[in-house]
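Since the structure comes first, as structure tokens, the remarks are kept for the end.
Only the coordinates and a few stated rules stand behind these numbers; no lab work does. The model shown is predicted, which means the values in this text are computed figures rather than measured ones. Note: ideal-geometry Cβ built from the backbone for every residue, glycine included; neighbour counts use all protein chains shown.
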Amino acid sequence: MKHLYFLVLFSLVFLGLNAQTYDTLRIMTYNLLYYRVNFSNCNATSNNPDNKDNYIATIFDHVQPDILIVQEMGVNPGAFDAPMVAFHQNIFLNRGLTHYKRANFTRSNNSNIVNACYYNSNKVELKSQFLLTNGSNNQNIVRGIDFYTFYYKNPNLGQPGVDTLFFVCIGMHLKAGSTQSDITQRTYALEAVMNHINQNIGEQNVFIMGDFNMNSSNEPGFQALINHPNQSIRFYDPINTLGTWFNNSTLAFTHTQSTRLNQTNNNCFVGGGLDDRYDMILITDPVRNESMGMRYVTSSYTIPGNDGLRFKNFITSTSPVPNQSVPPSVLTALYENSDHLPVYIDVVVLKSNLSVSDFTHKKWKWNATYNEGVIRIHTQGEMPTSFNLQITDLTGKIILTKKIEDATYTDIVLSSRLSKGIYMVSINDAGFTSSRKLIVY
């Protein structure tokens, strides 16, 4: 039996809606793997920085994030921020993307790798940043945790940076390892994060992201994020997949490391295939429930390069089927640049006096499932009485086009069963299109 594995994309195209009512921001986190820094077996030969720039540019152009927070940005012994500056120059400025700015360089505990942040200044501006250096035990954490406070540049909301929408992005790279000492250090770090939020930020639009280096949501540090005594500052997993991530085939669609099966590049890149959910983005309740002018776009949580079919395998493998979740050039770039995959989400923000809820009711609420040659369309809420349905594969080949006359409940029997792979199911009516992406295996 073939099942729908996981809905990973939700897209809305409001062709007839006033473009001034809302905007979408894309936020991405990515562990670059020792960018322009020599460490152990990672050097300019095994982890060539010029090649990495080309790979990262390819990935960036595919995702086009408005905010990019990276881990393992190198620190130069002479000019500490030289790798961060080079990244800004090579990925953005040299390619005409001059509207992308960078946050200030920060470092703690003499770490040779740090976080870095780049952002689309046409949409957002950095108001302030803060580096957390101590854990809840008042001892240095292995790498500093960065708090970036942004405001959305909405011309309809008065004075920029004052009368506007604020949100906080937290970038971090927690202590690696599975010993009790490693777990305790991660716990101290995340307890300190929550203490800072509780004392200085409060209930707000907050995103925490990066390399968590955790095997399970049962770790005390993760529990500190999702079960803080102050419920208003708790974090939530946008895809609600708590449990043991490591070595769990059921949660293969969440895994971000490793992109390869064996250690490569003179053992610079870790092997093992995709079996860890180290990298992720969590959100606070105001982002879930649009209570502060910002809303997570349902099912937008995406791990480029993970099609859910690479458990303990390399992302460029052709078994059980070729990986068509991203274009071939992007897949190659993801494989060659790092042993981690990036993660991104989309959020809706306000652009006028309308609240997000004012146009939420215009969304079409529907779902598509597949079983034994039958596509089933389930709908609820406000829907057109009829619509056009189209099914395509990721190459753009049209599998089916059909006019649906009754939108309440529809079974579509295909002339032949779908092969394993990824498909787009789209419905369209009067210039309004909504799509779902499904995986058949």
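Taking square-rooted eigenvalues a ≥ b ≥ c of the alpha carbon gyration tensor, is the range 35-123 rounded, prolate or oblate, where a/c under 1.5 means rounded and, failing that, a/b exceeding b/c means prolate?
Oblate shape, in that a/c is at least 1.5 and b/c is the bigger or equal ratio.
What distance in nm separates the simple spin-label points at T133 and A79, each placed 7 Å from Cα in the Cβ direction?
Computed distance between label sites T133 and A79 equals 2.4 nm.
Using the basic label-point model (7 angstrom from Cα toward the beta carbon), what is the N94 to A44 distance in nanometres?
According to this spin-label approximation, the distance is 1.4 nm.
Could you name the aspartates and glutamates whose alpha carbon sits less than 12 Å from that of K123, not counting residues in the same chain fewer than 8 places away?
Straight-distance partners of K123: D23, D66.
Separation of the range 184-263 and the range 50-113 by C-alpha centroid, Å?
Comparing the Cα centres of the range 184-263 and the range 50-113, I get a distance of 24 Å.
Using Cβ counts within 10 Å as a stand-in for footprinting exposure, how do F207, F60 rank, fewest first? It would help to have the intermediate numbers written out before the result.
Details: F207 26, F60 21.
So the ranking, lowest neighbour count to highest, is F60, F207.
Report the FRET efficiency, 1/(1 + (r/R0)^6), for R376 and Q64, where r is their Cβ-Cβ distance and R0 is 25 Å, rounded to 0.05.
Step by step, r from the Cβ atoms, then E = 0.15.
If you add up the charges near T184, with Lys and Arg at +1 and Asp and Glu at -1, over every other residue whose beta carbon is less than 11 angstrom from its beta carbon, what do you get?
Values: positive: K175, R186; negative: D182, E191, E219.
Result for the neighbourhood of T184: -1.
Per 0.36 nm of contour for each residue apart, how much would the distance between N112 and N230 grow if the chain were fully extended, relative to their Cα-Cα spacing?
39.0 nm
Ranking request for peptides 255-263, 222-230: highest mean number of other beta-carbon atoms within 10 Å first, then the rest in descending order.
255-263, 222-230
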